[in-house]
There are 2 protein chains.
Amino acid sequence: MSSDKKAPSKPMDAVVTLEQVAQAAGVSPSTVSRILNGTATVSQAKQEAVQSAIRELGYHPNPVARGLAGGRTLSIGVVTQVISSPFYGEALLGIERETERAGYVPLFVSGNWHEDDERKALQTLLARRVDGVIVLAGRLGDDELMRMSGSVPMVVVGRQLQGPRLFSFAFDSRTGARLATEHLIEQGHRRIALISGDMNHDDAVDRHQGYVDALTAAGIAVDPQLILPGDYNEASGMLAVNRLIDENVRFTAIFACNDQMAFGAALGLSRRNLRVPDDVSLVGFDDVVMARYTVPPLTTVRQSVYEIGTEAAKAMLSMLKGEMPRATPPAPELLLRDSTRRISR
Amino acid sequence: MSSDKKAPSKPMDAVVTLEQVAQAAGVSPSTVSRILNGTATVSQAKQEAVQSAIRELGYHPNPVARGLAGGRTLSIGVVTQVISSPFYGEALLGIERETERAGYVPLFVSGNWHEDDERKALQTLLARRVDGVIVLAGRLGDDELMRMSGSVPMVVVGRQLQGPRLFSFAFDSRTGARLATEHLIEQGHRRIALISGDMNHDDAVDRHQGYVDALTAAGIAVDPQLILPGDYNEASGMLAVNRLIDENVRFTAIFACNDQMAFGAALGLSRRNLRVPDDVSLVGFDDVVMARYTVPPLTTVRQSVYEIGTEAAKAMLSMLKGEMPRATPPAPELLLRDSTRRISR
DNA sequence: TTGTAGGCGTTATCAA
DNA sequence: TTGATAACGCCTACAA
């Protein structure tokens, strides 16, 4: 194994307390605490004595005790929907990376797209005395969130809310959707189907609106027949395609409001012997990792969910420092890959 | 916009404490505690008085204080690799669901495929005084894990370890890989390429072995040229295919040691104008959600990562109850979809 | 600059 | 069955 010279006591897990450190260094516990937290200036000599005592004893402060005494748990609650989704997974990764750098630990709890679960999630987080809460989308009412922000600082992603201890920001979904639709229009498409997201979410509404914006600007009438409901999952994308074909709706392109539905749509098309992009052009939204690896790779709107995660975490961290949070959500960007092509008719 | 520098966050809502409940109910704090934990029998009258006080005051026990006093934090640490991977995501979901039912909260920390990070992850978990730790694969040495299990109960997934407070179980990767390879052989394939996983992991070694098992049993020589290194990510699957083709290695089928590499391989093949399954048959491993939605849907070995997660959680929960843990990892199962076909030459 | 003492919300140990 | 009374490990006035 590793070779240590002086074998500085490898206390694998002897639970060393602050008090023991104090004794070893010949100072009082408060002095150790002060050094640990930089709460006050301490003489150079004691500084060193304590530091070396800490090192030799392998002392690690106990966050639980800290939480009790100081009121801070150094943990941040995160209400997500499904921890396993490619979309939320990226966001959580961003949050984890960012919070870790500041010594915080994120607590992930899933809302399962269900209002009650979300409420429960929020409550377990509050019970755990997290220092702050980040809410990713979700179905909880705005007013309810506002109210909860009275008891804990909050960052809400994907909404527009204001409050003294509540900060929110949203990705510009509307512009993103407009870009996607415009691209299809530029390629000559006129019959562009929309597979929309779960309309309980603001972003789904925004994406729908962006689609309408683009069509309207191009002087193309919005045909309700071309607008299919979806729920952001793969299966709904496939279903939408089936319905489109079964009902004999004419279309040459599809804009799916997220990548997962686009994947489902691609499979649905293939099952009906329609090729992407030769027969139908397809655009997604989000740019999850898999979008680069489908056959053909998917043209999509990059949302940098990872970055959204880091932005949310940064905002929370600055709230916790008592600063005004700010966030610069990444600008939407269309990534041209191989799932679209100029119409040839 | 910088503003008030020092406005430290403080929950401003009335936090109800156990003591307040005691007062309201006209009993001592200990009695309330006993009722809460069922530590001892309490008279019916006081039972009710306390219960109603709890309800009326909206009291929720403080897990932080509980952790300090009782030594239990009702939290379980989970060392994963990347929280955002489709694979680990499923496992975490299973763990979350299962632990939640028992009132525990999982703490997810990523190891990032890096031994040092993993060690650090484990340490933050220990510092947080989690009641137990679940380790998903990882690179930490067996001995190190054994040692740590001295200070906290552990469940290790994907290894074979034994210890008084250490329980481990592994999915039968070898059989799974054998099934996949046998299937290709039955379809008439003889030149079957293997894209292996990160050989630092036991399961990668096992899958390699299962491949060899099947070939050997069928009297087919193992050709080193057909064995390509991979790292379980999409890109390495694509790279492997490129290399195979660039080096003019003849092959009619590919067994990728996980789905993600299979996806990469599929894209690589398509870029070289080879069709799946017409020109090349392809099999993956894991059955991540996306495997059902690729074009064509991927034949793969189902591993039910979700179930592995729940099994791990159950094992941990029973350890915490002082019982002997047991786990029945799901049996490997080949899922036939559309990415393979009988060779026609 | 440093130490003392009290408290954070619960659980656990004693008596009663 | 109950209720004081210590811990638990740390932070923070308040003193010195």
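Below are the figures for this structure:
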quantity	calculated
Contacts under 6 angstrom Cβ, first residue in the stretch A:54-79 being more than 27 Å from A:Met148 (Cβ to Cβ) and in contact (Cβ under 8 Å) with a residue 40 or more places away in the chain, partner within 13 Å of DNA strand C (Cβ to nearest atom) and among the polar types (S, T, N, Q), 6 or more apart	none
The listed residue being aromatic (Phe, Trp, Tyr) and more than 30 Å from B:Arg66 (Cα to Cα), out of A:Tyr104, A:Tyr88	A:Tyr88
Selection count where residues are touching a Lys or Arg at 6+ places or on another chain (Cβ under 6 Å) and surrounded by fewer than 19 Cβ atoms within 10 Å (Cβ to Cβ), scope the stretch A:171-186	0
B:Ser52 vs. criteria away from DNA strand C (no atom under 16 Å from the Cβ), at negative phi and not in a helix (DSSP H, G or I)	no
Meets criteria (in contact with a strand residue (DSSP E or B) (Cβ under 9 Å, 6 or more places away or on another chain), in a helix (DSSP H, G or I) and without any contact (Cβ under 8 Å) to a residue 60 or more places away in the chain) for A:Leu179	no
Hits in the stretch B:187-201 - residues which are surrounded by fewer than 17 Cβ atoms within 10 Å (Cβ to Cβ) and of a type in the set (A, V, I, L, M)	B:Met199
Subset of the stretch A:99-128 (residues that are among the polar types (S, T, N, Q) and modelled with pLDDT under 90)	A:Asn112, A:Gln123, A:Thr124
Condition check for B:Asp131: among the acidic types (Asp, Glu), crowded, with 19+ Cβ neighbours inside 10 Å and within 12 Å of chain A (Cβ to nearest Cβ)	yes
Residue check for B:Val109: touching a strand residue (DSSP E or B) at 6+ places or on another chain (Cβ under 8 Å), in a strand (DSSP E or B) and more than 11 Å from chain A (Cβ to nearest Cβ)	no
Which numbered condition A:Gly103 fails, given (1) within 24 Å of A:Leu18 (Cα to Cα); (2) in contact with a strand residue (DSSP E or B) (Cβ under 6 Å, 6 or more places away or on another chain)	(2)
Qualifying residue in the stretch A:80-94 (condition: more than 23 Å from B:Met290 (Cβ to Cβ), at pLDDT 90 or above and among the hydrophobic types (A, V, I, L, M, F, W, C))	no
Extreme residue, nearest to the other protein chains (Cβ to nearest Cβ), among residues of the stretch B:37-95 that are within 16 Å of DNA strand D (Cβ to nearest atom), hydrophobic (A, V, I, L, M, F, W, C) and buried (at least 22 other Cβ atoms within 10 Å of the Cβ)	B:Val64
Candidates B:Ser84, B:Ser151 - the one that is in contact with a helix residue (DSSP H, G or I) (Cβ under 9 Å, 6 or more places away or on another chain), farther than 30 Å from B:Asp259 by Cα and more than 16 Å from DNA strand C (Cβ to nearest atom)	B:Ser151
Condition check for B:Ile76: within 17 Å of the chain's Cα centre (by Cα), at pLDDT below 90 and more than 11 Å from DNA strand C (Cβ to nearest atom)	no
Residue list for the stretch A:105-128, filter: more than 17 Å from the chain's Cα centre (by Cα) and either surrounded by 15 or more Cβ atoms within 10 Å (Cβ to Cβ) or aliphatic (A, V, I, L, M) (or both)	A:Glu115, A:Asp117, A:Arg119, A:Lys120, A:Thr124, A:Leu125, A:Leu126, A:Ala127, A:Arg128
Residues of the stretch B:317-345 that turn out to be in a loop (DSSP other than H, G, I, E, B), of a type in the set (Ser, Thr, Tyr) and farther than 18 Å from B:His189 by Cβ, as a count	1
Checking B:Val241 against (1) within 14 Å of chain A (Cβ to nearest Cβ); (2) under 26 Å from the mean Cα position of the chain (by Cα), the condition it does not meet	(2)
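The values are calculated or read from the model by the stated rules, or taken from the named source; none is laboratory data. Here the structure is a predicted model, which means the values were calculated and not measured. Using ideal geometry, Cβ is built from the backbone for each residue, glycine included, and neighbour counts are taken over all protein chains shown.
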